[in-house]
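Student: One structure follows; several queries about it will come next.
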Amino acid sequence: MGTSVAGGQRTPTLKEIARRAGVHVSTASRVLRQSEPADGWSESALRVREVADELGYQRNLWAASLRTRKTTTLGVVMTRLTDGVVATTYQGIEQEATRAGYSVLLSSPPDDPEAQRAAIELLVGRQVDGLLLSGLHRPGREFIASLRVGDVPMLTLTRHADAGLPFVGGDDVRGGALAARHLIDRGYTDLAVIAGPAHATTATDRLAGFRAETTAAGIELPDSRVVASSFEVRGGTEAGQVLLDAPNRPRGIFAVSDTIAVGVLGVARDLGLRVPEDLALVGYNDIPIAAQLPVPLTTIHSPALEIGQTAVRGLLDLIAGRDVESRRLPVGLMARGTT
């Protein structure tokens, strides 16, 4: 692959080739280790190969031979596996991997970058053929670049984390906009958001979609009406108390997860507020319990199972050396009793 470097010059790195060719480093790595596909090289692949030849790239054949041993095993790093929607996504991964003849090695570290780093590098040490990463923190690009994983194909799911990797998830921006439009259409203009953690692009994308829709409708959403939280029930309880145990409480709340919304319902009950007469509430994900609550929860349905299945198909395409486009799967409003 490529010509040797004349005059004892330094061999260019994959990162340099990728930057010059305008592709992600994983794409450059894949192109430079595979033989020509039956249907020929894509434009981006040709560009990578031309740049590699110009810069005098020499493939490390010994390292490459280690990576060509297929184990038919996929590594999966998923934080917060006790959350129902995350568990459903994992179920989709397991189903699709089994169907394709692959086994899955799962690690569920704490929702913390260094814990995830250890999990990722451990799975790579087990010679997995590819990695699915669901809990990356934003911004994730530097974190990905710092990993000691060689050229193992990687795909993110649920959270894209601005990591620059192929991604499969729900259309969270659209989901946030649907939540805002529903509240506005129901006559609610005094609104607030319990926004989840700032490191999760699921949360920030949902907030961005909500904000865009309220702005388009000429409705102000001041910063004081956007409260950060964890994704857990306790996060909803704490943020709900901040917003509702005050004289100028909002009339409508969008919670970026159903577990947060359950916490808000508890606060509303303790304060003697009626839902939806005194407070309208929209959650996100449509977990099974949402429709069975004493006041059924209006929420945005996220295709958790399909996200897992689609992510596995995308990762298998990467392993086979094919280019993979990021995909945002459709979401939908489930209007129920809380609005």
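Student: From 213, 220, grab the single residue that is in a helix (DSSP H, G or I), free of Cβ contacts under 8 Å to residues at least 60 places away in the same chain and acidic (Asp, Glu).
Tutor: Working: 220 fails: in a helix (DSSP H, G or I).
The unique qualifying residue is 213.
Student: Given the options 123, 105, name the one that is buried (at least 20 other Cβ atoms within 10 Å of the Cβ) and over 18 Å from the mean Cα position of the chain (by Cα).
Tutor: Answer to the check: 123.
One line per residue, one yes/no per condition, for (1) modelled with pLDDT of 95 or more; (2) touching a Pro at 6+ places or on another chain (Cβ under 8 Å); (3) open to solvent by less than 40 Å² (accessible area, probe 1.4 Å):
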site: 296; (1), (2), (3): yes, no, no
site: 301; (1), (2), (3): yes, no, no
site: 305; (1), (2), (3): yes, no, no
site: 312; (1), (2), (3): yes, no, yes
site: 317; (1), (2), (3): yes, no, no
site: 323; (1), (2), (3): no, no, no
site: 333; (1), (2), (3): yes, no, no
site: 337; (1), (2), (3): yes, yes, yes
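Student: Return a yes/no flag: does region 138-151 have any residue that is touching a residue at least 60 places away in the same chain (Cβ under 8 Å) and more than 24 Å from residue 31 (Cα to Cα). If you could, list the steps in order and put the result at the bottom.
Tutor: Filtering region 138-151 for residues touching a residue at least 60 places away in the same chain (Cβ under 8 Å) gives 138, 145, 150-151.
Okay, now just the ones that are also more than 24 Å from residue 31 (Cα to Cα), so 138.
Yes, region 138-151 has at least one match.
Student: A further question follows. Since residue 186 meets every condition but one in (1) touching a residue at least 40 places away in the same chain (Cβ under 8 Å); (2) open to solvent by less than 50 Å² (accessible area, probe 1.4 Å), which condition does it not meet?
Tutor: Tallying (1) touching a residue at least 40 places away in the same chain (Cβ under 8 Å); (2) open to solvent by less than 50 Å² (accessible area, probe 1.4 Å), residue 186 fails exactly one: (2).
Residues checked against (1) buried (at least 24 other Cβ atoms within 10 Å of the Cβ); (2) polar (S, T, N, Q); (3) in contact with a Pro (Cβ under 9 Å, 6 or more places away or on another chain):
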{"residue": "223", "(1), (2), (3)": "no, no, no"}
{"residue": "228", "(1), (2), (3)": "no, no, yes"}
{"residue": "231", "(1), (2), (3)": "yes, no, yes"}
{"residue": "273", "(1), (2), (3)": "no, no, no"}
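Student: Does residue 271 satisfy being touching a Ser or Thr at 6+ places or on another chain (Cβ under 6 Å), touching a residue at least 12 places away in the same chain (Cβ under 8 Å) and of a type outside the set (Gly, Ala, Ser)?
Tutor: no
Student: Are there any helices (runs of 4 or more DSSP H) wholly within region 10-63 with 2 or more residues that are at pLDDT 80 or above and over 18 Å from residue 166 (Cβ atoms), and if so which?
Tutor: Values: elements: 14-21, 25-33, 43-55.
Helices (runs of 4 or more DSSP H) meeting the threshold: 14-21, 43-55.
Student: Quick one: which of 196, 169 is assigned to a strand (DSSP E or B), open to solvent by less than 30 Å² (accessible area, probe 1.4 Å), in contact (Cβ under 8 Å) with a residue 60 or more places away in the chain and more than 21 Å from residue 335 (Cα to Cα)?
Tutor: The match here is 169.
Student: Additional query: Can you name the strands (runs of 3 or more DSSP E) wholly within region 76-159 that have at least 1 residues being in contact with an Asp or Glu (Cβ under 7 Å, 6 or more places away or on another chain), at negative phi and modelled with pLDDT of 95 or more? Spell out the reasoning first.
Tutor: Numbers: elements: 103-107, 130-133, 154-157.
Those strands (runs of 3 or more DSSP E) span 103-107.
Student: So, in region 250-268, of the ones that are part of a loop (DSSP other than H, G, I, E, B) and buried (at least 18 other Cβ atoms within 10 Å of the Cβ), which residue ends up farthest from the chain's Cα centre (by Cα)? Let's see the steps before the verdict.
Tutor: Restricting attention to region 250-268, the residues satisfying the condition of being part of a loop (DSSP other than H, G, I, E, B) are 250-251, 256-257.
From what is left, the residues that are buried (at least 18 other Cβ atoms within 10 Å of the Cβ) are 250, 256-257.
Values: 250: 30, 256: 14, 257: 14 Å.
The residue in question is 250.
Student: Related question: Has region 234-248 got at least one residue that is at pLDDT 95 or above, open to solvent by less than 80 Å² (accessible area, probe 1.4 Å), small (Gly, Ala, Ser) and not in a helix (DSSP H, G or I)?
Tutor: no
The values are calculated or read from the model by the stated rules, or taken from the named source; none is laboratory data. Keep in mind the model is a prediction, meaning the values are calculated, not measured. We place every Cβ from the backbone using ideal geometry, glycine too, and count neighbours over all the protein chains shown. What goes into the accessible areas is simple: the full protein's heavy atoms, side chains included, and nothing from ligands, DNA or RNA. Shrake-Rupley method; radii C 1.70, N 1.55, O 1.52, S 1.80 Å.
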